[in-house]
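Novice: Structure incoming, see below.
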Amino acid sequence: MNDTPVSDTLADIPTAAVPHTDARWQPIRNHFGLTAFGINAYTALRAGDRIIGEHDHSNPDDEQHQELYFVHSGRARFEVDGAVIDAPAGTFVSARDVATRRSAIAEEDNTVVLVVGAEPGAAFEITPAEREELTGAGLSVRPA
């Protein structure tokens, strides 16, 4: 019997601390057992918290993800290749080029950012980093 949910609210998805952010991580992809793309939520409890740590995906030994960010609630300040983007709730921010440097800081308490990512033209694979974060949070990897 498949125990993967088909419907839940963000409040139903487990949260965990991960080292690359001050925010709480919610592994949405894992919760639903999705295999086509990655999706996570990050909730910053306080203004000034780092939601998205500065990174890119240009290392050929790592995933080559394009990413789309959506500010679900609150307000964030994104930096994308040096450009500063004020992102209130309802704002999308994209990073199509894997070499794009990106990060985000919460501008309001309880800011929630959803992140969707996948490698163009490649079958989605759960990254070693995600497996490690799930294991560290005491969550099983879905699918195994």
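The values are calculated or read from the model by the stated rules, or taken from the named source; none is laboratory data. Only a predicted model underlies this, so the values are computations on that prediction, with no experimental measurement involved. Every residue, glycine as well, gets a Cβ built from its backbone with ideal geometry; the counts of neighbours run over all protein chains shown. With ligands, DNA and RNA removed, areas are computed over all heavy atoms of the protein, side chains included. Shrake-Rupley method; radii C 1.70, N 1.55, O 1.52, S 1.80 Å.
Novice: If you place +1 on the Cβ of every Lys and Arg, -1 on the Cβ of every Asp and Glu, and leave all else neutral, what size is the dipole of the chain about its Cα centre, to the nearest 20 Debye? Walk me through the numbers on the way to the answer.
Specialist: Working: 11 positive and 23 negative charges, 54 e Å.
The dipole magnitude comes to about 260 debye.
Novice: Further, regarding this structure: Using Cα centres only, tell me the gap between the stretch 108-131 and the stretch 67-102 in whole Å.
Specialist: Answer, in whole Å: 14.
Novice: Can you pull the one-decimal nm distance between simple spin-label points at residue 8 and residue 34, each 7 Å off the Cα toward Cβ?
Specialist: My value for the distance between the label points is 1.3 nm.
Novice: With a probe of 1.4 Å, find how much accessible area the chain has per residue, and write the answer as a whole number in Å².
Specialist: On the way: 7740 Å² over 144 residues.
Per residue, the chain has 54 Å² of solvent-accessible surface.
Novice: Choose one answer from 49, 22, 61: the residue with the largest mean-square fluctuation in a GNM of the chain with alpha-carbon springs under 10 Å.
Specialist: 61
Novice: Right, here's the next one. Here are several values of Rg and Dmax of the Cα atoms in Å: (i) 14.6, 48; (ii) 16.9, 60; (iii) 13.5, 40. Which one was derived from the coordinates shown?
Specialist: Correct label is (i).
Novice: Hey, in the GNM for the chain with a 10 angstrom Cα cutoff, which one of 120, 14, 60 fluctuates hardest?
Specialist: 60
Novice: Keeping the other protein chains in place, figure out the carbon and sulfur percent of the accessible area of the chain, with a 1.4 Å probe. Walk me through the numbers before you get to the answer.
Specialist: Values: 3960 of 7740 Å².
Of the solvent-accessible surface of the chain, carbon and sulfur hold 51 percent.
Novice: Quick one: putting +1 on the C-beta of Lys and Arg, -1 on the C-beta of Asp and Glu, what dipole do you get for the stretch 76-136 around its Cα centre, in Debye to the nearest 20?
Specialist: The dipole magnitude comes to about 160 debye.
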